[in-house]
Amino acid sequence: RGKRAFIAGVADDNGYGWAIAKSLAAAGAEILVGTWVPALNIFENSLRRGKFDESRALPDGSLMEITKVYPLDAVYDSPEDVPEDVKTNKRYSGSSNWTVKEVAESVKQDFGSIDILVHSLANGPEVSKSLLETSRNGYLAAISASSYSFVSLLKHFVPIMNPGGATISLTYIASERIIPGYGGGMSSAKAALESDTKVLAFEAGRKHKIRVNTISAGPLRSRAAKAIGFIDMMIDYSMANAPLQKELSAEEVGDTAAFLASPLASAITGAVVYVDNGLNAMGVGV
Ligand code: NAI
């Protein structure tokens, strides 16, 4: 039987989540995605209207099929956690069962189990503020959406994952080196995510034979990255200074995720894997 993957954080065809879905689909996996509730309508309409057909094309000429799109807000673990104003918000009230616990239950009901879990989401409401200017709420919101969301996904999905399964998240070098502009506690959130990758690799490995890795990706002009505001500069910097002087494509990250999710990587867990044209290895730019 082919493997089944759930990819959280796909809402258009520009980001890493989409590219990972494509690489997994090309390798024969069945694709389920979790889409942020406020982005759900546009994404589903665009899918239905064929807006993504060109970018759904796989190397063999077929089109990637997304078996099911689940609404998801990874900031909420169960219905009791959802505040009244969110519940009644127009963009949320049209969908149901989108807390992490409910999505895992729905996937279990629909398909029984999964083999691959991908976390490709982040949010930091104060990302454009320096860390010194970040409020407590902004910092905690960044950690909640970008780091705890991974803990929560694992907590709820690992019980429906087949032994030997793999989980992958996306991180950024700003966790360990100073990247001015990656503010709002987002650098802190990525540091937490990388540390958690190790602890969760131990816990999920011992208990369920599940692997946990994270990809430290170079800059990509995604919707989220454009919102931060310095993405073009980061791409230019990488082109000028990385060992490999080429633009990074989302497919290169997608293919690494497919490798990490496959039996080829059966001894790799708790790792931060750099897919950044080698930029992380530089000490000074030349
Ligand atoms: P993206 O915009 O394609 O993906 C981010 C997704 O997160 C969006 O689909 C958004 O709807 C979703 N999201 C935000 N809050 C959510 C919530 N509460 N619940 C569920 N979904 C939520 O952008 P990108 O850049 O592909 O981001 C994917 C991952 O890659 C993120 O973890 C990001 O930090 C990471 N990354 C991105 C880099 C870049 O240069 N684009 C570099 C290194 C890492």
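Miscellaneous remarks
- Ordering of 13-19, 274-280 by burial proxy (mean other Cβ atoms within 10 Å per residue, highest first): 13-19, 274-280
- Take every DSSP beta bridge whose two residues both sit in the range 1-79; close to 10 percent of them are antiparallel.
- Surface accessible to a 1.4 Å probe, Ile173 within the full protein complex, Å²: 30
- For the chain: rounded, prolate or oblate by the Cα gyration tensor [a/c cutoff 1.5]: rounded
- Average accessible area per residue (Å²) across the range 1-53 - probe 1.4 Å, nucleic acids and ligands excluded: 41
- If R0 equals 30 Å, the separation of the Cβ atoms of Arg223 and Arg49 corresponds to a calculated FRET efficiency of about 0.95.
- Cβ charges +1 (Lys, Arg) and -1 (Asp, Glu), total dipole of the range 1-44, debye: 300
- When all protein chains stay in place and ligands, DNA and RNA are ignored, the 1.4 Å accessible-area order of Tyr148, Tyr237, largest first, is Tyr237, Tyr148.
- Between Ala57 and Met64, the built amide H atoms are under 5 Å apart, and every one of these is 5 or more places off in sequence or on another chain.
- Phi-based couplings in Hz for the range 152-159 (Karplus 6.51, -1.76, 1.60; Gly and Pro marked x): 5, 4, 5, 3, 8, 9, 3, x
- Packing around the peptides 221-234, 187-200, taken as the average count of other Cβ atoms within 10 Å per residue, puts them in this order, highest first: 187-200, 221-234.
- Rolling a 1.4 angstrom probe over the range 133-191 with all protein chains present gives an accessible area of which 59% lies on carbon and sulfur atoms.
- Taking the chain and dividing mean pair separation by its residue count, relative contact order in percent (alpha carbons under 8 Å, at least six apart): 19
- The range 127-269 shape via C-alpha gyration tensor axes, a/c threshold 1.5: oblate
- Heavy-atom accessible surface of Met239, to the nearest 10 Å², is about 70 Å², with a 1.4 Å probe and all protein chains retained.
- Candidate lysines for bridging to Lys101, where Cα separation is under 24 Å - those fewer than 8 sequence places away on the same chain excluded: Lys3, Lys68, Lys87, Lys90, Lys155, Lys190, Lys198, Lys207, Lys209
- If you take the Cα centroid of the range 163-216 and the Cα centroid of the range 37-90, the two points sit 23 Å apart.
- Gyration tensor (alpha-carbon) shape descriptor, the range 71-165, a/c threshold 1.5: oblate
- Annotation for the range 224-254: GluC sites (Glu not before Pro) lying in DSSP loop with at most 15 further Cβ atoms inside 10 Å of their Cβ are Glu247.
The values are calculated or read from the model by the stated rules, or taken from the named source; none is laboratory data. Since the structure is predicted, the reported quantities are computational estimates derived from the model, not experimental observations. Cβ atoms come from the backbone with ideal geometry, glycine included; neighbour counts cover every protein chain shown. Areas reflect the complete protein model, heavy atoms only, side chains present, ligands, DNA and RNA absent. Shrake-Rupley method; radii C 1.70, N 1.55, O 1.52, S 1.80 Å.
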